[in-house]
Amino acid sequence: MEAESPETDGPRSLMPAELCHPHSKYSQWKFKLFRVKSMEKAPLPSETQPGKELSLEVLLPAASHTDQRASPGSVMKMCIGGKSKENVEGPGRRVDTKLLEMEAHMDHLRCLCRVCGRTLAKVKGPVHDVHGDLDETSKFALRKMGCKFTRWPEVILKVFNLDVSEDTEAINPLSFCHRCWTVAIRGGGFCSFTRTKVPEWKPHSSHCYLCSPRKTSFQRTGRKRRKVLPRTQGLVKRIRRDHGDSIVIGEKRALRPFGDHRAPVHRVRRKLSVQREQWVRNITHCQNDHLSNKLIREKLPVDFINSFTCLVCDHLLSDPVQAPCGHLFCRSCIVKFTHVLGPHCPVCNLPCAPDNVKPPAKTFLSALYSLPLHCPLESCCKQVRLDSFKEHCLSHEREEVASQNSSEIDNYLLVNKGGRPRQHLLSLTRRAQKHRLKEVKNQVRIFADKEEGGDLKSVCLTLFLLALRSGNEHRQADELEAMMQGRGFGLSPAVCLAIRVNTFLSCSQYHKMYRTVKATSGRQIFQPLHTLRAAEKELLPGFHPFEWQPALKNVSTTCSVGIINGFAGCASSVDDALADTITRRFRYDVALVSALKDLEEDIMDGLRENGLEDSACTSGFSVMIKECCDGMGDVSEKHGAGPAVPEKAVRYSFTIMSVSVLAEDEEEEVSIFTEPKPNSELSCKPLCLMFVDESDHETLTAVLGPIVAERNAMKESRLILSMGGLLRSFRFHFRGTGYDEKMVREMEGLEASGSSYVCTLCDATRAEASHNMVLHSITRNHEENLERYEIWRTNPFSESADELRDRVKGVSAKPFMETHPTLDALHCDIGNATEFYKIFQDEIGEVYQKVNPSREERRSWRAALDKQLRKRMKLKPVMRMNGNYARRLMTQEAVEVVCELVPSEERREALRELMRLYVQMKPVWRATCPAKECPDQLCRYSFNSQRFADLLSSTFKYRYNGKITNYLHKTLAHVPEIIERDGSIGAWASEGNESANKLFRRFRKMNARQSKAFELEDVLKHHWLYTSKYLQKFMEAHKDSARAMQATIDPVENQDDEEMPLDVLDF
């Protein structure tokens, strides 16, 4: 052996010269290269793998001359031992072209986006690393939306549902474009508002679409062809050499000695007909179902036989159909063929959809079914017609099964030597049951796929039903049949969902009730939780498809949007501070669609009752929406974790007040739906819940800003929605009326309630309103408030602060939401009751005779009034006036009780007269339709209000000399004008939103969770279900079904019980 030289140092120098192969230096490692999962895990030349000998397949040759200029980060240079092309190529040696192909493949990958597959150079903006950390800009923008991820793999997994943690440089791109970055930021790191199709990245192969994209020769793109890196033939087309005389080294490799060159042995290609037969066989899978034309043994003309042959599978026609072009196929074959390769004829390539095929002529069918077929069984040599061939083969199978069963019984009786007895099927474990019934299950599944469209459940239930009938167990069979037809003893999922929501049962409480009733009665009366979750998806927003024409500005066209972050869609810059709150909401347009679908039955009934033709009313629908927003006060709970957020909450909700339609030949709109209970919590649907103080103007503006933008976009568009089986168009009109005084001033940018500008409807000051209590008109509106804010902000006339304040009439902030200029009836009652409560105290203490009473005297008067009301009217003192207290206080009975404490008879008569006038005026603003409910009080309202104002300015002048409360001013001055314009005040009150405050606390207890964000989602979801008209109808239908339910649970005890109360059972 020759001495070792520096050029031959390494383990390969120990190998005999005759074993040296010109490609052995790299071919061993090349095969390992494509076996490893990641090329970055390939060993360096200097590293050895423990546990293996120094052989050809273990180590790479150590490089004696390492090119210091090669970059250590290159994967390909690491794979060839850190050498460059110049150092590797020597006498009789060359660089493996596969490695060059991989280098070119990875160069192509570096130019593409990992998420969308676009070319990075074509997308404007910076390129982002898939496995990198979030930069400061991205991190700050995502934190605004509530996302706290710190690395891009987590964001990409959440937004695009794409796991990039195991990506490698050889298979996947390691960067993504700025467009995908924008999609992730807009989605808040949680969802994607645009459809991004993620490509499937595959390892490099001979047919790689990146290195050699497929283009037919007749396609002309108009661009110059670019040069593709030359590569070797693909593995499929590579010639095979005979390795019979090769030398085996180890167990994985075989090397040929030098000088042994033999002719290449090429692969034998299949014929085109054989290849097509294989393709069709893989598509149709009908070899075991359809009959071959070789069963026809008679010497018939070839064209005659071909006329009865399917042109897809080449079998005899089974359930034949004829295409529009005249060709014949098996029905199942043409369906599968068009599903895979497109709706065209396999013969002439003309359009051929499965719906357009029809059965052939009866003459052809009679000729087909009369074909003589030869029985394939060797012991039977009969000629059988095609229509009776199947029955003939089944008779052979029955004979074979009968003989096989008899032989098995005989063998068992002879061979069995007393082993373990065969256990019954029901006594086995589930795994053993699956093993024993495996063949039966496969046969039933094949039958269901072939005959019943894959409905395996119906097939199994029908088999069970037939088994019960054959065993004369008709009672169980009747129950099973009723359950299969949807009229079983168990309640429907919608009824169970309504019971759970209306009784405020948590998941664990409902599941406990479900198990208890099932164990007690032996029947599944209530449905399990998973069926309830499936039923509630249809009732929540995001289930029904719809379309806006024109499309909403700056709003995604996606229909399946559920609960989202309240800050989603908020247009803010990176410099804005992150709002420290938690908020969840529905998208406004998606919520309106779900609310309309909930009223679908009522809308269609309204069309029929008004004599309107259903098909003629597809456009011209107008929907009136009442909007409410109010704070819920302190909602703090002891449980829960999460960030430090204020424990005051605000709810934004809406109510569909009416739906009207303008028919084609009509001039006026016809009202087809009117909300019967506009002030009920059952009709007030929640849109947004937030943990924020209602006096925090900045946070409230940030949260409600996206809602305002969506509402303004919907005003300029129309909704296309399927209603009653037809597409109909709806236009929406919004009225923001359900706000109290404080919220109106916040939204319209006015000064607080203690301002000298007393009214949110007119420009009167407090002194002007007390001097003239009745004669005022509505002058304020949203546009005027915006103009006054611009004057306040710019001060174009360089005025002083007092002059500028007098010019803008109390506007001190930018109005961010339009409110309808009206009066909230609920808060008007509460505000006036608070004022009367103070008048009662002053009359008890005779303040009209005193100048400045002390605080102790006022406390004694209040204590005396509370004691008298509690003693005579059972009215407990309250820290803050509420609606129930106000209703009972503002009555003639309460005045009579208070007059017992008033010393002067003259003052008593004044109090009685004041309350009498108020009681006559109150129904006007509290009634839903005052023109129908209280026409007399409406006609006398102006006279009564003038008389009421005269009493205040004369008898009670000590209290109203130069001042008046906000709600008293609106009650006396603006009620007739509002009713003349809108027709009602009471119907547009915020009472439904206020009544739902107790629901928030009950739902929060029902869905107590550690995370307040998830807790808020559960509360919003169950509150929406609580207001569903669909579930309310189920509750109305089943509220008197307690007797039937109890009889189902325990039929023996309740058989003769006829006086059972109809109260709903409390589980």
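The values are calculated or read from the model by the stated rules, or taken from the named source; none is laboratory data. Predicted model, so just to flag it, every value in this text is computed and none were measured. With ideal geometry, Cβ positions are generated from the backbone for all residues, glycine too; neighbour counts draw on all protein chains shown. SASA here: full protein model, heavy atoms, side chains in, ligands and nucleic acids out. Shrake-Rupley method; radii C 1.70, N 1.55, O 1.52, S 1.80 Å.
Quick look at the numbers
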item: Loop-resident sites, region 450-553, for chymotrypsin sites (Phe, Trp or Tyr not before Pro), counting at most 15 other Cβ within 10 Å (DSSP); result: Phe489, Phe504
item: Trp925 accessible area, assembled protein chains, probe 1.4 Å, Å²; result: 0 Å²
item: Cα centroid separation - region 330-384 against region 105-122, whole Å; result: 48 Å
item: Spin-label pair Asn554/Ser395, simplified geometry with 7 Å Cα→Cβ offset, distance in nm; result: 8.1 nm
item: Global form of region 733-848, assessed from the alpha-carbon gyration tensor, a/c cut-off 1.5; result: oblate
item: Accessible carbon and sulfur surface of region 98-186 relative to its total accessible area, %, 1.4 Å; result: 53 percent
item: Shape category assigned to region 274-393 from the gyration tensor of Cα positions, a/c cut at 1.5; result: prolate
item: Cleavage-rule hits, trypsin sites (Lys or Arg not before Pro), region 282-322, DSSP coil, Cβ neighbours within 10 Å at most 14; result: Arg297, Lys299
item: Per-residue HN-Hα couplings for region 460-472 [Karplus 6.51, -1.76, 1.60; θ = phi - 60°; Hz; x = Gly/Pro]; result: 5, 5, 5, 4, 5, 5, 5, 5, 5, 5, 5, x, 6
item: Inter-part distance where region 522-555 and region 980-1030 are each reduced to a Cα centre, Å; result: 18 Å
item: Under 5 Å, built H, 5+ apart or other chain: amide partners of Arg651; result: Asp630, Met632
item: Convex hull of Cα atoms in region 98-186, direction-averaged projection (nm²); result: 5.8 nm²
item: Region 896-914 residues near the modelled Gln849 label - backbone nitrogen below 14 Å, point 7 Å along Cα→Cβ; result: 902-908
item: Positive-end extreme of charge dipole, region 662-787 - chosen from Ile707, Ser680, Leu750 (charges on Cβ); result: Ser680
item: Local electrostatic count, Arg151, Cβ distance below 15 Å [Lys/Arg +1, Asp/Glu -1]; result: -3
item: Dipole moment magnitude, nearest 20 debye, region 823-987 about Cα centre, only Lys, Arg, Asp, Glu C-beta charged; result: 640 debye
item: Average accessible surface area per residue within region 823-987, 1.4 Å rolling probe, Å²; result: 49 Å²
item: Dipole magnitude of region 274-393 about its Cα centre (Cβ charges: Lys, Arg +1; Asp, Glu -1), debye to nearest 20; result: 60 debye
item: Simple label model, 7 Å out from Cα along Cβ direction - Glu538 to Leu162, nm; result: 3.6 nm
item: Accessible carbon and sulfur surface of region 274-393 relative to its total accessible area, %, 1.4 Å; result: 55 percent
item: Region 98-186 - charge dipole about Cα centre, Lys and Arg +1 at Cβ, Asp and Glu -1, debye rounded to 20; result: 640 debye
item: Loop trypsin sites (Lys or Arg not before Pro), region 862-948 (other Cβ atoms within 10 Å of the site Cβ: 10 or fewer; DSSP); result: Lys874, Arg880
item: Cys507, Cys828, reordered so the largest accessible area comes first (probe 1.4 Å); result: Cys507, Cys828
item: Surface per residue (accessible, 1.4 Å probe) for region 100-191, Å²; result: 46 Å²
item: Among Ala432, Leu480, Thr462 - extreme Cα towards positive end, dipole of region 425-485, charges at beta-carbon; result: Ala432
item: Positive-pole candidate from Leu869, Gly986, Ser945, dipole of region 823-987, charges at beta carbon; result: Leu869
item: Neighbourhood net charge (10 Å Cβ-Cβ; Lys/Arg +1, Asp/Glu -1) for Pro173; result: 0
